[in-house]
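Each remark here refers to the structure printed beneath this line.
The values are calculated or read from the model by the stated rules, or taken from the named source; none is laboratory data. Bear in mind that the values here come from a model prediction, so they are computed numbers and not experimental data. With ideal geometry, Cβ positions are generated from the backbone for all residues, glycine too; neighbour counts draw on all protein chains shown.
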Amino acid sequence: MSMSTAIPQPTIPHPVERENYLNKEYGVWSWLLTTDHKRIALLYLLSITFFFFIGGFFALLIRLELLTPAGDLVQADTYNKLFTMHGMVMVFFFLIPSIPAVLGNFLVPLMIGAKDLAFPRINLLSWYLYIIGGVMMLHCMLTGGVDTGWTFYAPFSTSFTNTKIVEAGLAIFVAGFSSILTGLNFVVTIHRMRAPGMTWSRLPLFIWAHYATSIIQLLGTPVIAVTIVLVAAERALHLGIFDPKLGGDPLLFQHLFWFYSHPAVYIMILPAMGVVTEIIACFSRKRIFGYSFVAFSSIAIAVFGFLVWAHHMFVAGISIYSALVFSFLSYAVALPSAIKVFNWTATLYKGSIHYDAPMLYAFGFLGLFTIGGLTGLFLSALGINVHVTDTYFVVAHFHYIMVGGAVMGYLGGMHFWWPKISGRLYPEGWARLAALIVFIGFNLTFFPQFLLGYMGMPRRYYDYSHMPEFQVLNVLSTAGATVLGVGYLLPMIYFLWSMRYGKPASDNPWNAAGLEWKTASPPPTFNFDEEPVVTWEAYNYEQLDAPHKEEVPVAR
Amino acid sequence: MLNNFPLWPEQASTMAAHVDALYIFLLIVTGMMSLLVFACLIFFAARFRHRPGVPAEQIEGSTALEITWSAIPFLIFMVIFAWGAIVFFKERTPPADATEVYVVAKQWMWKVEHAEGQREINELHVPVGRDVKLIMTSQDVIHSFYIPAFRIKQDVLPGRYTVEWFRATKPGVYHLFCAEYCGTQHSGMVGDIVVQEPAQYEAWINGGSTGPLSATGEKIFAELGCVTCHRSDTQGRGPNLQGVFGMPVQLEDGRTVTADENYVRECILDPGAKRVKGFQPIMPTFQGLVSEEQVNALVAYIKSLSAAKPGNAGEKNKTSASSTAPAQPNGSQVQ
């Protein structure tokens, strides 16, 4: 009743499309100079997809090299560059911008009932910074690349390798500012631009998750920027900062690096948690169990996430007492994640659960994130960490979180909001199949790596002919990676297909709660024809389902 | 017990059993936790699937439940934390009378020097049942000395010593890996840990040695002229080094430090950094003049000047190798 303003007029089927953000203007400049958060989100979508397939290609070559124990596919130096560039591209140019810069950019203003982000031009600037950083990274890769691992450990990076450290560092430095500006924009937008009635306790949990993420982006990213400058200074000017031969301390580098790079993991996973929360609520037709616990656990993760960095350094030469403190704090940060998993599970209880593709991705996320999180308990246990750190156990663990968790969330979100973004429905059958393939392929790729890690296979090994007993599990992993690759290609194909051939989407094909569903699909440039006034709680599925209990209109 | 299970690394040190016990405990606990979560997920997903006419029942939440499922996992986490810390303290506390072996890492090889003077590359011979302490440094970048069968790993840093220890429990040849990425041939920086029966080991350690490491150190000490200031009969221009190792040292700036391996090393390479109280800053730096191996020999020599101190265990073991094993306080932990 009160929301009649937001509900679009039931128009008679019309051959002419409504004006929306996609068809308002055409031409290259209308995209390259746009300040519309939705168009910028699409610019990001294109660019991160490009980098995802570059990073994925590197991963494929890594897996092919490891198919046999001998180093026979590429040279050792090439292999070292492959895993380095795989890490750098995936972390800095895909995972960190993935959900925030695409789905966050698109949805934050829509979900809070705003016309745009607080600083639309800064939003465009942040995409240009990302592109400048990306072009620098591409140039760096094409003219030689880097072989330090994405971790840049000194003094190898500062005094020994002769690859393009400074250029790669600079690329990440520039892309980092893109991340900072996105975070800044979100924080200000969420504080200042909420529609009347959209109180903090009525915010979708997606917004809470992005708020927590933005805080990390704002406070953490400058530290990696400083660290990169110090690496460049030591390399170029021979200032003694990290290299003991010049009077520096190599552990200082690790402290600075992980002070950003551990919270960076939460930049990747928190938004995915936000996405999954929205999906679970919608497809079980329920409010989220324990809203405030889920909301504050995001903030708790952001805060505790800054206090656990040295758990990457238990065998690096830190004192046993600091190891003790960081081990304890790592268990503290595990708790809010556990609380989230329990609340999502409880949300299903007495729900009315639908198994559409986004929900399948959400289930996949729950399974993989749970395994990833629980193996984190192994790594935080000091006695076990000594044995498994720097082995494939760690590789498996963080892929379960960052790929099993973050990428599953990202794909789930892309499916869930695709009708809103494109105005078209994707083919549901293919999407369910892809979700299944990704889940199976992922487990086949990374589960064997837990076993490999406990058996003692170190990471970043190009050649394992000294220990051929590791081959069977490596073959399994490579086979899984092939399946996973197919699973990732499928959505790209059918999303593109649906843009032309997909059925037109209604404004709210899932009958979902949330302001973004109360405007047109695709939305008009300024999102809402009239400013919405919010008088209801988030996830008011009871009201949504009440008028038509017999048939819940879920699109097929 | 687990030695013949495929997909499980061999257990060949006292530490391996401790780490595996905690690992198995964690497998059980996390297995039960994930089973619980997955069982709920699957049960709810099946039981509460959408049926026309049956609406979802809205539930706001439950503070009691939230507290329960925060407190119980937290308690479990604390058990894991404490257990992990106990194992870690064992791993990080070398027994006082362990045999000392010096390790120098470089791109891309491991150089090993025994106190008896034997040198090896990418190999380390040790006897069964004796505590061995590795005193490690790197000539270039960070490496990591990892023996999966012993469940131990320690990064090896340039510019300082790091330490790890083990007691092998089973003769055999085990993998040695570099676990910290160190450049082109990182995956070629592998070797063998050869664990031998004490008698075999004695034969090996006494064959073709150039004399004890501390004797090499004494020679270098004389050649470099250290002996002119650090006199052993009287107090010279530098501190008398007799009996200094392992003792507290008063510094000029008021601090007190323990004269351990890292301190002796720093005094050789950067004498001004921690100058002993009452002495003039006249000692030149030997940075770049002595190799890592020579520094190790000097450290071994200075340790040998404190004969009753732990540093000498290596030579003591040489004569009574097998007799030291039963005397270990934790000897009962072997298998």
Give me a count of the residues in the stretch A:504-535 that are within 13 Å of chain B (Cβ to nearest Cβ) and surrounded by fewer than 21 Cβ atoms within 10 Å (Cβ to Cβ). 1
Scan the stretch B:83-116 for residues that are assigned to a loop (DSSP other than H, G, I, E, B) and either over 30 Å from B:ILE24 (Cβ atoms) or polar (S, T, N, Q) (or both) and jot them down. B:THR93, B:ALA96, B:ASP97, B:GLN107, B:TRP108, B:ALA115, B:GLU116
Any idea which of B:PHE77, B:PHE89 is within 7 Å of chain A (Cβ to nearest Cβ), surrounded by 20 or more Cβ atoms within 10 Å (Cβ to Cβ) and without any contact (Cβ under 8 Å) to a residue 60 or more places away in the chain? B:PHE77
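How many of the residues in the stretch B:209-251 are among the aromatic types (Phe, Trp, Tyr) and either loosely packed, with under 14 Cβ neighbours inside 10 Å or assigned to a helix (DSSP H, G or I) (or both)? Steps first, please.
Filtering the stretch B:209-251 down to residues among the aromatic types (Phe, Trp, Tyr) leaves B:221, B:245.
Then keep just the ones that are either loosely packed, with under 14 Cβ neighbours inside 10 Å or assigned to a helix (DSSP H, G or I) (or both); that gives B:221.
Counting residues in the stretch B:209-251 that are among the aromatic types (Phe, Trp, Tyr) and either loosely packed, with under 14 Cβ neighbours inside 10 Å or assigned to a helix (DSSP H, G or I) (or both) gives 1.
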List the residue pairs whose Cβ atoms are under 7 Å apart, where the first residue sits in the stretch B:10-27 and is touching a residue at least 40 places away in the same chain (Cβ under 8 Å) and of a type in the set (Val, Ile, Thr), the second is part of a helix (DSSP H, G or I) and surrounded by fewer than 19 Cβ atoms within 10 Å (Cβ to Cβ), and the two are 6 or more positions apart or on different chains. B:THR14/B:GLN333
I'd like to verify a number: residues in the stretch B:155-169 that are within 10 Å of chain A (Cβ to nearest Cβ) and more than 8 Å from the chain's Cα centre (by Cα), how many? 7
Going through the stretch B:172-193 in order, the residues found to be facing another protein chain (nearest Cβ under 7 Å), assigned to a loop (DSSP other than H, G, I, E, B) and closer than 12 Å to B:ASN122 by Cα are B:VAL190
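Quick check on the stretch A:519-526. Is at least one of its residues in a helix (DSSP H, G or I) and either over 30 Å from B:LEU26 (Cα atoms) or at pLDDT below 95 (or both)? I'd like the intermediate steps shown before the answer.
Filtering the stretch A:519-526 for residues in a helix (DSSP H, G or I) gives none.
No, the stretch A:519-526 has no match at all.
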Can you pull out every residue in the stretch B:99-140 that is within 14 Å of chain A (Cβ to nearest Cβ), in contact with a helix residue (DSSP H, G or I) (Cβ under 7 Å, 6 or more places away or on another chain) and at pLDDT 95 or above? B:ILE135, B:THR137
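With B:GLU57, B:GLU66 as the choices, which residue is among the acidic types (Asp, Glu), under 22 Å from A:GLY376 (Cβ atoms), out of contact with any strand residue (DSSP E or B) (no Cβ under 9 Å at 6 or more places or on another chain) and within 7 Å of another protein chain (Cβ to nearest Cβ)?
Numbers: B:GLU57 fails: under 22 Å from A:GLY376 (Cβ atoms).
Residue meeting the stated conditions: B:GLU66.
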Please verify whether the stretch A:187-197 includes one or more residues that are out of contact with any Asp or Glu (no Cβ under 9 Å at 6 or more places or on another chain) and surrounded by 22 or more Cβ atoms within 10 Å (Cβ to Cβ). yes
Taking the stretch B:7-17 as the search range and keeping residues that are buried (at least 20 other Cβ atoms within 10 Å of the Cβ) and in a helix (DSSP H, G or I), which one is farthest from the other protein chains (Cβ to nearest Cβ)? B:THR14
Take the conditions farther than 30 Å from A:ARG202 by Cα, away from every other protein chain (no Cβ under 12 Å), without any contact (Cβ under 8 Å) to a residue 40 or more places away in the chain and of a type outside the set (Asp, Glu) and apply them to A:VAL231. Does it pass? no
Taking only the stretch B:37-50 into account, find how many residues are at the interface with chain A (Cβ under 7 Å from one of its Cβ atoms) and not hydrophobic (A, V, I, L, M, F, W, C). 2
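Tell me, which helices (runs of 4 or more DSSP H) lie completely within the stretch A:101-214 with 2 or more residues that are touching a residue at least 24 places away in the same chain (Cβ under 8 Å) and under 17 Å from A:ALA232 (Cβ atoms)?
Working: elements: A:105-112, A:120-142, A:165-192.
So the answer is A:120-142, A:165-192.
Within the stretch B:225-250, which residues are of a type in the set (A, V, I, L, M) and modelled with pLDDT of 85 or more? Walk me through how you get there before you give the answer.
Taking the stretch B:225-250 and keeping what is of a type in the set (A, V, I, L, M), we get B:227, B:241, B:244, B:247, B:249.
Those that are of a type in the set (A, V, I, L, M) and modelled with pLDDT of 85 or more: B:LEU241, B:VAL244, B:MET247, B:VAL249.
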Being out of contact with any Cys (no Cβ under 7 Å at 6 or more places or on another chain), buried (at least 24 other Cβ atoms within 10 Å of the Cβ) and in the same structural domain as B:PHE245 (by TED's automatic domain parsing), is that true of even one residue in the stretch B:115-122? yes
